Structure formats: structure tokens, C-alpha cells
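What follows is a short report on a single structure.
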Amino acid sequence: MAELRPMKKSETLEIRIPYPTKQAFMAQCQAEGRTASEALRGLIDQRLSPPRLHRDGRRLQQLIAGALIAAAVGAAAAPALARATLATRFESLDLNHDGVLTPAEFGR
């Protein structure tokens with residue numbers, strides 16, 4: 001049975017960055033125990049892959065927080081909407097618009 005070989009890395013990419021930026025990047029790569037090429041390939045792969053939920057649940061936490069904020073805004077707006085609906089209903093019953101419902105107006 002033939003083994004699947006990883007794709008050969010034959011392409012190069014040249015970028016221009018300031019020397020201090022390069023030095024800082026190289027130092028960080030060395031501290032992480034990987035080459036600059038490995039780090040850049042990882043960044044490119046990450047950029048090209050579709051967004052997904054992280055294992056630590058950050059994206060899920062953001063979605064939950066957004067839902068809670070939307071629910072809180074809805075709960076805060078609901079009484080105001082109910083008051084508007086009640087006021088509209090009262091106005092439709094108050095035929096002479098005197099601010100008082102008579103039994104005849106209410107019975108209608």
C-alpha cells in the first residue's frame with residue numbers, strides 16, 4: 001500500500017517588512033521553537049480556512065453574549081411596546097376623546 005506523502009513545499013513568497021519587525025518576528029519564532037516558514041504557513045492556512053468554533057468556546061461565548069444582549073434589549077422594550085398598544089386600544093375606545101371611557105364606549 002502506498003503512503004500518502006505531504007505536498008512538497010516548492011513555492012516561495014517574498015515580503016518586505018522593516019528590519020526591526022523581522023527581528024522581533026524571528027525572535028518570537030525562536031522562542032516558540034519553530035521556523036519563520038512554519039509560522040507563516042500556519043498564519044496563511046489559518047487565514048484561508050473557514051471560521052470555526054474554537055475549542056475554548058470563544059466564538060460560542062460571543063454568540064451567547066449577543067443573544068443575551070438581544071434578549072435584554074427586547075425585555076426592556078416590551079413594556080414600552082405594551083404601553084403603546086394599551087394607549088392605542090384606549091384611544092380607539094374613547095370615541096369622544098375626553099380621556100374617560102363611558103359604559104357605552106366601553107361596551108362597544
So in segment 33-50, with the set limited to residues that are under 30 Å from the mean Cα position of the chain (by Cα) and of a type in the set (A, V, I, L, M), which one is surrounded by the fewest Cβ atoms within 10 Å (Cβ to Cβ)? L48
What residue, among those in segment 1-32 that are within 32 Å of the chain's Cα centre (by Cα) and part of a loop (DSSP other than H, G, I, E, B), is nearest to L43 (Cα to Cα)? I15
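Values in this text are rule-based calculations from the coordinates and carry no lab data. None of the values given here were measured: they were computed from a predicted structure. Heads up, the Cβs are rebuilt from the backbone with ideal geometry, glycines too, and the neighbour counts pull from every protein chain shown.
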